[in-house]
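The values are calculated or read from the model by the stated rules, or taken from the named source; none is laboratory data. Quantities reported herein were computed from a predicted structural model and do not represent experimental measurements. Cβ coordinates were reconstructed from backbone atoms using ideal geometry, including for glycine residues, and neighbour counts include every protein chain displayed. These area figures cover heavy atoms from the full protein model, side chains too; ligands, DNA and RNA do not enter into them. Shrake-Rupley method; radii C 1.70, N 1.55, O 1.52, S 1.80 Å.
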Amino acid sequence: MSGDGMVIRVRAPFGQLSQQQAACVAKISDIFGNGLIDLSTRANLQIRGIAEKDHAKVIEELSTHGLVDQSIEVEARRNLLSQPFWRENDETHRIAKALSALLSAFDAPELPGKFGFAVDAGPVSFLRKVSADIRIERHRERFTVYPDGGTLAQLANDPQSAADAAMDLARWFVKTGGVIDGRGRMAQHIRNGIPLPPQFQTVVAGDPPPEPGPGKSSRGRFIALEFGQISAPVLREIASLGKIRLTPWKMLLILGLEEAPDLPGLIHDFRDPRLRIDVCTGAPGCLQGRSATRTLARDLAAQLPRNQRLHISGCAKGCAHPRQAPITLTASDNDRFNLIRDGRASDAPERINLSPDDIKKALQNAP
């Protein structure tokens, strides 16, 4: 439940929506929701504004289109992000299928709700900066499996053994006390100094490449969503253009698409300053939000210095960007924000209770 009604999260299998599935989500948002759909940083869709009385109807509709798992427990465990460039039965797809099957098994470990896997086995690892607890990447002709926050990996020879190793690592996390009161993240577990099993000996090397931007790609065209949100009518139009891959970068990848569609709320220019702003739902859509956020984000976009990134959070949780940002604005009251440099939304502020005009001046003076 959120400030604008229930939020229904859709975890599309392997991050892909068929044209029929995308049209189904748009229809649900139109009929049962408020017409707004968010794309999360874990490449899930969130249909907003659902009335509690309509929940069962929505689940039935999603189930009919193959967008609901066989049980609540399986749905909760299947927190799996695939690199969006995968092709049918390539290594990324095969690992993701094998891992999905293991997570659906009766003996799968009970993992925290936010515990996730990143399957990133293409020639280039694009998901290094995306939130995940266990990562699977290509290593020459083999694969590395390693914990988030760690520097050592286990080698696997084929997609099935990579999926098996990832599940073994998840079981190790649970067995060694990584879950406390139903919560826990791998990076913190590693920081606590828990020693990894002896098979973790390969050094994780290489820096992550820049995130893709809107425009043509080898698989079609990326289109960016303003602050990660899309309306039901626009999603319906996009559904007519081809299959959709969901990404963690506030973008949709439309397979096979050549020309950019001229639709409201879409961003096609990689230089658009809105792409450098991470912003949550804020008030009144979020119950924890202390101020509206997206109106401020639109207002500040033109003021944002070139190459500067900005995080605007309606509360100290920092859901839109859990990691450090060069500048973070955390709501302290209605239209008032604390300014934090090189930190998270919950960190100690440099300045407090700034008005929008104060913030504009601060951004103009930003180094």
Spans of helices (runs of 4 or more DSSP H) in the range 1-109 with at least 2 residues open to solvent by 50 Å² or more (accessible area, probe 1.4 Å) and either over 24 Å from residue 132 (Cα atoms) or touching a strand residue (DSSP E or B) at 6+ places or on another chain (Cβ under 8 Å) (or both): 19-31, 55-64
Would you mention how many residues in the range 215-237 are farther than 15 Å from residue 41 by Cα, assigned to a strand (DSSP E or B) and open to solvent by 10 Å² or more (accessible area, probe 1.4 Å)? 5
Considering (1) within 24 Å of residue 223 (Cα to Cα); (2) modelled with pLDDT under 95, say which one residue 1 fails and leave the rest. (1)
Kindly state which strands (runs of 3 or more DSSP E) lie completely within the range 111-175 and contain at least 2 residues that are under 17 Å from residue 42 (Cβ atoms). 117-120, 134-139
Please specify each residue of the range 31-81 satisfying the condition of being over 16 Å from the mean Cα position of the chain (by Cα), among the hydroxyl-bearing types (Ser, Thr, Tyr) and within 24 Å of residue 234 (Cα to Cα). 63, 64
From 254, 244, 267, residue being hydrophobic (A, V, I, L, M, F, W, C) and either touching a Gly at 6+ places or on another chain (Cβ under 8 Å) or modelled with pLDDT under 95 (or both): 254
Looking at the range 96-124, I want the residues that are over 27 Å from residue 317 (Cα atoms) and have a partner that is buried (at least 20 other Cβ atoms within 10 Å of the Cβ) and hydroxyl-bearing (Ser, Thr, Tyr) with Cβ atoms under 7 Å, at least 6 apart or on another chain. Which pairs are those? 96/82; 121/92; 122/92
So is residue 196 surrounded by 16 or more Cβ atoms within 10 Å (Cβ to Cβ) and part of a helix (DSSP H, G or I) or not? no
Check the range 321-329 and report whether any residue there is small (Gly, Ala, Ser) and in contact with a Cys (Cβ under 9 Å, 6 or more places away or on another chain). no
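Residues are listed down the side, and each one gets a yes or a no for (1) touching a Pro at 6+ places or on another chain (Cβ under 7 Å); (2) within 17 Å of residue 250 (Cα to Cα):
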| position | (1), (2) |
| --- | --- |
| 12 | no, yes |
| 18 | no, no |
| 27 | no, no |
| 42 | yes, yes |
| 55 | no, no |
| 74 | no, no |
